[in-house]
Amino acid sequence: MGNTNISFDHVHLISEDPHGAAAWYADNLGGVIEKSDEVKGAPQIYVRFDGTALIIRGRRTGEQVGKKDGLKWGTDHFGFKVSEDLDGFCDGLRQKGVRFTLEPTNINPKLRIAFIEGLDGEIIELLQRL
């Protein structure tokens, strides 16, 4: 039995271009930019998807940030559920120039997935439960 005191709230990304990344998530995946603040000297943008937030922030003064160079321990990817027509949704993303790391494919008879890459190299799963 799960703990009813806890629920998933947000994913937090660090971006070289936080405003551009927020616009990318809004334009390509339908998120709504709720607000933009400055926190500890860096921009921080809140993009809402249904009941969950994607928080995207820039580099803070004095921080050393590098690009991800392949598979690492920790978070591998995060996913968005597409309620219907995953292939049509992916066609629209291709037309916008979104890079796919895995084209739409059936994992089993009840699940179809694809992987795309965000502006900062983060891997995003798109999935449709069949």
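Tabulated results
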quantity	calculated
Near pairs, Cβ below 8 angstrom, 6+ apart or cross-chain, from region 9-24 (without any contact (Cβ under 8 Å) to a residue 12 or more places away in the chain) to any residue that is surrounded by fewer than 20 Cβ atoms within 10 Å (Cβ to Cβ)	A23/I33
Hits in region 43-79 (condition: hydrophobic (A, V, I, L, M, F, W, C), open to solvent by 50 Å² or more (accessible area, probe 1.4 Å) and in contact with a strand residue (DSSP E or B) (Cβ under 7 Å, 6 or more places away or on another chain))	V65
Evaluation of R59 against (1) charged (D, E, K, R); (2) within 29 Å of D91 (Cα to Cα); (3) modelled with pLDDT under 95 (one fails), failing number	(2)
Per-region count, region 21-40, residues at pLDDT 95 or above and in a loop (DSSP other than H, G, I, E, B)	2
Positions within region 102-117 being more than 14 Å from the chain's Cα centre (by Cα) and either outside any strand (DSSP E or B) or under 19 Å from S15 (Cβ atoms) (or both), in sequence order	P109, K110
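Here's the yes/no breakdown for (1) at pLDDT 95 or above; (2) within 15 Å of N28 (Cα to Cα); (3) open to solvent by 40 Å² or more (accessible area, probe 1.4 Å):
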{"residue": "L86", "(1), (2), (3)": "yes, yes, no"}
{"residue": "G92", "(1), (2), (3)": "yes, yes, no"}
{"residue": "V98", "(1), (2), (3)": "yes, yes, no"}
{"residue": "T101", "(1), (2), (3)": "yes, no, yes"}
{"residue": "T105", "(1), (2), (3)": "yes, no, yes"}
{"residue": "I113", "(1), (2), (3)": "yes, no, no"}
{"residue": "Q128", "(1), (2), (3)": "yes, no, no"}
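The values are calculated or read from the model by the stated rules, or taken from the named source; none is laboratory data. Computed from a predicted model, the values in this text were never measured in an experiment. No Cβ is skipped: glycine too gets one built from the backbone with ideal geometry, and neighbour counts run over all protein chains shown. Remember, those area values only see protein heavy atoms, side chains included, never the ligands or the DNA or RNA. Shrake-Rupley method; radii C 1.70, N 1.55, O 1.52, S 1.80 Å.
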